[in-house]
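Only one structure is covered here, and it is reproduced in the block below.
The values are calculated or read from the model by the stated rules, or taken from the named source; none is laboratory data. Everything numeric in this text was worked out from a predicted model, so none of it was measured. As a convention, Cβ positions derive from the backbone with ideal geometry for all residues, glycine included, and neighbour counts pool all protein chains shown.
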Amino acid sequence: MNNLLKIALPKGRLGEKVYKMFDAAGFSCPEVLEDTRKLIFENRDKGVCFFWVKPSDVAIYVERGAADIGIAGKDILLEYSPDVFELLDLKVGKCRMAVAGKKGFKDNTENTLRVATKFVNIASDYYRKLGRDIDIIKLNGSIELAPILNLSDVIVDIVETGKTLIENDLEPLETIVPISARLIANRSSYQFKNERINTLLDRLKEQLEA
Ligand code: PRP
């Protein structure tokens, strides 16, 4: 398997979309899209091996070389700073990292701001640059509940359509950074499998420009 190009795809709709881009680039393995519980697929003719990974774990597989390349959200790259090459913005999975709070929320700078988030580093960096004192509350999901239950004043989270905020009577207050899916590569794989990775990279770029 080691001479195949090992590709970590994020499980879900985004991964399926990206697989289709790989397919169009000549790195196909049709079994990938079959409705099965299998997680790993090889196509020796094309020299590829794909596997489905939890989206937030892709960068770990790539950093440690279990995958040569993968697709990770910019949110994960900013939050965990994995030691990988970021090769291309795939312009899919677009959303933004934002601060949100209850409708009409006004920050009282005399108090420490309570910020609930999964993205502790992104939130801390953002407020450090603003010189704002905060108390970080690390949560693992359903972040939108925090301001409603007065666990926090605001949240730092991903906003895609904005629907989750609206349905919970919250509103976006500030955008921190735009997010999209990125093609990443393991540093040594990028040296040893350079030709194949660059062929893929060029063909993906052509698709994005078309
Ligand atoms: C993300 C994010 C928001 C939601 C925003 O959660 O945490 O809850 O999507 O999307 P919207 O603006 O289109 O409503 P996700 O569904 O990824 O699940 P998570 O709670 O596991 O992060």
Checklist outcome for this item: Reported set for region 146-180 where residues are more than 12 Å from the ligand (Cβ to nearest atom) and hydrophobic (A, V, I, L, M, F, W, C) is I148, L149, L151, V154, L173, I176, V177
Checklist entry - Among (1) within 30 Å of D68 (Cα to Cα); (2) within 11 Å of the ligand (Cβ to nearest atom), where does A98 come up short? => result (1)
Item to check | Selected residue (only one of T112, T117 is of a type in the set (V, I, T) and within 10 Å of the ligand (Cβ to nearest atom)) | outcome: T117
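Which fully enclosed helices (runs of 4 or more DSSP H) of region 5-83 have 2 or more residues being among the basic types (K, R)? Even if it seems obvious, please write down each step before you answer.
Values: elements: 13-24, 58-63, 74-80.
Because the criterion is at least 2 residues that are among the basic types (K, R), the helices (runs of 4 or more DSSP H) in region 5-83 that meet it are 13-24.
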Checklist entry - Taking L170, is it within 30 Å of G65 (Cα to Cα) and either at pLDDT below 95 or not β-branched (V, I, T) (or both)? => result no
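Residue-wise test of (1) closer than 18 Å to L173 by Cα; (2) basic (K, R); (3) modelled with pLDDT under 95; (4) assigned to a helix (DSSP H, G or I).
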| position | (1), (2), (3), (4) |
| --- | --- |
| G104 | yes, no, yes, no |
| N108 | yes, no, yes, no |
| R114 | yes, yes, no, no |
| R128 | yes, yes, no, yes |
| R132 | yes, yes, no, no |
| I136 | yes, no, no, no |
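Only residues that are of a type in the set (S, T, Y) and in contact (Cβ under 8 Å) with a residue 40 or more places away in the chain: list them for region 95-150, please. Before you say what the answer is, go through the steps one by one.
Of all residues in region 95-150, those of a type in the set (S, T, Y) come to 109, 112, 117, 124, 126-127, 142.
If the condition is that a residue be of a type in the set (S, T, Y) and in contact (Cβ under 8 Å) with a residue 40 or more places away in the chain, then T117, Y126 are the ones that fit.
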Checklist entry - If we scan region 41-57, do we find a residue that is of a type in the set (G, A, S) and closer than 16 Å to L201 by Cα? => result yes
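Of the residues that make up region 81-89, is at least one farther than 17 Å from D133 by Cα, within 16 Å of the ligand (Cβ to nearest atom) and aromatic (F, W, Y)?
Step one: filter region 81-89 for residues farther than 17 Å from D133 by Cα, giving 81-89.
Then keep just the ones that are within 16 Å of the ligand (Cβ to nearest atom); that gives none.
No, there is no match, as no residue in region 81-89 is farther than 17 Å from D133 by Cα, within 16 Å of the ligand (Cβ to nearest atom) and aromatic (F, W, Y).
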Checklist entry - So is K106 among the basic types (K, R) and under 23 Å from L9 (Cα atoms) or not? => result no
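Tell me, yes or no, whether region 181-201 has at least one residue that is touching a Gly at 6+ places or on another chain (Cβ under 6 Å), within 16 Å of the ligand (Cβ to nearest atom) and within 27 Å of L88 (Cβ to Cβ).
The first filter runs over region 181-201 and keeps only residues touching a Gly at 6+ places or on another chain (Cβ under 6 Å), leaving 181, 184, 186.
Remaining after also requiring within 16 Å of the ligand (Cβ to nearest atom): 181.
From the residues that got through so far, the ones that are within 27 Å of L88 (Cβ to Cβ) too are 181.
Yes; the residues of region 181-201 include at least one that is touching a Gly at 6+ places or on another chain (Cβ under 6 Å), within 16 Å of the ligand (Cβ to nearest atom) and within 27 Å of L88 (Cβ to Cβ).
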Checklist entry - Quick check: anything in region 58-77 under 30 Å from S152 (Cα atoms), crowded, with 16+ Cβ neighbours inside 10 Å and acidic (D, E)? => result yes
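Please go through region 75-118 and give me each residue that is over 23 Å from V58 (Cβ atoms) and charged (D, E, K, R), ordered by number.
Initial filter on region 75-118 (over 23 Å from V58 (Cβ atoms)): 99-116.
K102, K103, K106, D107, E110, R114 - these are the residues of region 75-118 that are over 23 Å from V58 (Cβ atoms) and charged (D, E, K, R).
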